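Peer 1: Before we start, here is the structure in question, set down as structure tokens.
The values are calculated or read from the model by the stated rules, or taken from the named source; none is laboratory data. Bear in mind the structure is a predicted one, so any value in this text is a computation, not a measurement. Don't worry about glycine lacking a Cβ; one is built from the backbone with ideal geometry, like all the others, and counts go over all protein chains shown. Surface areas here come from the heavy atoms of the whole protein model, side chains and all, with no ligands, DNA or RNA. Shrake-Rupley method; radii C 1.70, N 1.55, O 1.52, S 1.80 Å.
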Amino acid sequence: MKALVWHGTADIRCDTVPDPTIEDGRDAIIKVTSCAICGSDLHLYDHFMPGMKSGDIMGHETMGEVVEVGRDNKALKVGDRIVVPFTIICGQCDQCKRGNFSVCERSNRNKKLADAAFGHTTAGLFGYTHLTGGYAGGQAEYLRVPFADATHIKVPKGIPDEKLLFLSDIFPTGWQAAVQCDIQPEDTVAIWGCGPVGQMAIRSAILLGAKRVIAIDRVPERLTMARAGGAETIDLTQESNVVAKLNDMTDGKGPEKCIDSVGMEAHATTSLDAIYDRAKQAVMLESDRPHVLRQMIMVCRPAGVLSIPGVYGGLIDKVPFGAAMNKGLTFRMGQTHVNRWTGDLLRRIEEGQIDPSFVITHTVGLEQGPEMYRTFRDKQDGCIKVMIRP
Ligand SMILES: NC(=O)c1ccc[n+]([C@@H]2O[C@H](COP(=O)([O-])OP(=O)(O)OC[C@H]3O[C@@H](n4cnc5c(N)ncnc54)[C@H](O)[C@@H]3O)[C@@H](O)[C@H]2O)c1
Ligand SMILES: [Zn+2]
Ligand SMILES: [Zn+2]
């Protein structure tokens, strides 16, 4: 089959690789009808996230048709249409029973690596480093879904792929980010990053009743899309002091809730902390650039909430923890517990409350995948979200 394969920094190729096969009784194989490139994939493309090996198949936003089912899998049958959550879940461990799916205790087959890096293991993820299991990803013609009797979202036929695909990741990710803010009717929610995750967070915060949403980015078409979703915007190319601007916009008090949908590759060209991060990251003394996190801690209203869907991989530096502690801030974060939200979100799509396909700007075949990684990373050609139809 054809698949998008990681070969090194900024080197993803459309290769011919062996078809996946059933390896365990709970598995299923799907023929991929649609998949997408995520901002998280860019951390691998840029190689800021360690743990990839040459030859790994990329991709964790995937859906398709079940073509083969393992003998112990009683939940799926050939012909079922499923969206695949990016977090692989056993459905049976203590964490899965509590709905904490992204920290499933059993699905990471490289548990020891994750134990060493994080103190305790987290869930296996598709196409996302050997730290999270080294599982083949779904930017491919076929995908083996491990623990597939639990790791799936069954979707009805008759709704097009583009409305459903993002149940795999970015829609529940934006939703969880907003839910974790515990939004009250008087709240202003500030959202850093108007990429696909930020866009979903904006719409989720509004659906959940925020009084105001203020979105921050520097890419014009992303800011336009944010305003179309109901946000006020701050354009970083016009406004260098985001903290001062947000204070201005909130009578000097700061937003009650702050969402970081940027993560470890935050841009900041001139500030001192940004220069410091870049220098330390270059010599591998710091793995991530927490520029947004620092701004959120400083600008958030005391007793407010910081919600962090943006991915961080390792160590960060010069975080004003004293400000966070003394202001009594609450931190909520994590990889998304996808299946915790998807029943509710599928219903909202079916009822027409939201159509997540608004974010798609490019639809291509697998062969164009490698060039689309670059286009998406460099924000060329108005690219906001790439959907791939293998
Ligand atoms: N927690 C999860 O489960 C989960 C799931 C999906 C994605 N993510 C993470 O969410 C983040 C966003 O993903 P995406 O797909 O939207 O990616 P993206 O790269 O398309 O979007 C990031 C956006 O942040 C903007 N940005 C950069 N620096 C900024 C700054 N200093 N201030 C404000 N905006 C800034 C960029 O211009 C860009 O538009 C990534 O870190 C990704 O790994 C997390
Ligand atoms: Zn993702
Ligand atoms: Zn589990």
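Peer 1: Please work out, to two decimal places, the log10 of the ratio I(q)/I(0) at q = 0.16, 0.20 Å⁻¹ from a Debye calculation in which every Cα of region 13-137 carries one identical scatterer.
Peer 2: -0.86, -1.31
Peer 1: List the GluC sites (Glu not before Pro) within region 96-191 that DSSP assigns to loop and that have no more than 10 neighbouring Cβ atoms inside 10 Å.
Peer 2: The qualifying sites are GLU186.
Peer 1: Simple spin-label model, 7 Å along Cα-to-Cβ: ASP46 to ASP235 in nm?
Peer 2: Inter-label distance under the simple model: 2.3 nm.
Peer 1: I've got another one for you. Using Cα centres only, tell me the gap between region 222-300 and region 21-55 in whole Å.
Peer 2: Computed from Cα coordinates, the inter-centre distance equals 29 Å.
Peer 1: For region 171-333, with only Lys/Arg (+1) and Asp/Glu (-1) charged at the beta-carbon, what is the dipole magnitude about the Cα centre, in debye rounded to 20?
Peer 2: 120 debye
Peer 1: Amide H to amide H, which residues 5 or more places from VAL319 or on other chains are under 5 Å from it, using H placed in the peptide plane?
Peer 2: none
Peer 1: Here's another thing I want to ask about it. Short version: ³J(HN,Hα) in whole Hz for each residue of region 92-98, in order, from phi by Karplus 6.51 cos²θ - 1.76 cosθ + 1.60 (θ = phi - 60°), x for Gly and Pro, what are they?
Peer 2: 10, 6, 4, 5, 4, 4, 8
Peer 1: Name the residues whose placed amide hydrogens come within less than 5 Å of the amide hydrogen of VAL213, ignoring near sequence neighbours (fewer than 5 apart) on the same chain.
Peer 2: Amide H neighbours of VAL213, under 5 Å, 5+ apart: VAL189, GLU232.
Peer 1: Let me cross-check LYS280: its accessible surface, 1.4 Å probe, with only protein heavy atoms counted, in Å² to the nearest 10?
Peer 2: Approximately 50 Å² for this residue.
Peer 1: Still on this structure, please answer the following. Leaving out ligands, DNA and RNA but keeping every protein chain, what accessible area does ARG374 have, in Å² rounded to the nearest 10, with a 1.4 Å probe?
Peer 2: 110 Å²
Peer 1: Å³ per residue of the Cα convex hull, for region 139-198? Don't skip to the answer; put the middle values down first.
Peer 2: Working: hull volume 9.3 nm³, N = 60.
Expressed per residue, the convex hull around the Cα atoms of region 139-198 is 154 Å³.
Peer 1: Run lengths n ≥ 4 of DSSP H only: what is the helix-derived mean residue ellipticity at 222 nm for the chain, with -39500 (n - 2.57) per run over all residues, to the nearest 500?
Peer 2: -8000 deg cm²/dmol
Peer 1: Another question about this same structure. Can you give the percent of C-alpha pairs in the chain whose distance is more than 33 Å?
Peer 2: The proportion of pairs with Cα distances above 33 Å equals 27 percent.
Peer 1: Next question. Calculate, for the chain, the solvent-accessible area per residue in square angstrom, rolling a 1.4 angstrom probe over the heavy atoms of the protein chains.
Peer 2: Accessible area per residue, the chain: 40 Å².
Peer 1: What FRET efficiency would be calculated for the residue pair ALA244, GLU23, taking the C-beta separation as r and a Förster radius of 56 Å, to the nearest 0.05? List each step's numbers first, then the result.
Peer 2: Values: r = 55 Å, r/R0 = 0.98.
For ALA244 and GLU23, the calculated efficiency is 0.50.
Peer 1: Using a Gaussian network model on the chain with a 10 Å cutoff between Cα atoms, which of VAL197, VAL103, VAL219 fluctuates the most?
Peer 2: Highest fluctuation among the options: VAL219.
Peer 1: Amide H neighbours of ALA123 under 5 Å, at least 5 residues apart or on other chains, H built in the peptide plane: list them.
Peer 2: Close amide H contacts, sequence-distant or interchain: VAL103, CYS104.
Peer 1: Could you check how many percent of all C-alpha pairs in region 171-333 are farther apart than 22 Å?
Peer 2: Here the long-distance tail beyond 22 Å is 36 percent of all Cα pairs in region 171-333.
Peer 1: Expressed as a whole percentage, what fraction of the accessible surface of region 307-359 belongs to carbon and sulfur atoms when a 1.4 Å probe is rolled over the protein heavy atoms?
Peer 2: C and S atoms contribute 54 percent here.
Peer 1: Here's something else I'd like to know. I need the phi-derived Karplus couplings for region 22-37: 6.51 cos²θ - 1.76 cosθ + 1.60, θ = phi - 60°, integer Hz, Gly and Pro marked x.
Peer 2: Using θ = phi - 60°, the values come out as 5, 10, 8, x, 8, 5, 9, 10, 10, 8, 6, 9, 8, 8, 8, 9 Hz.
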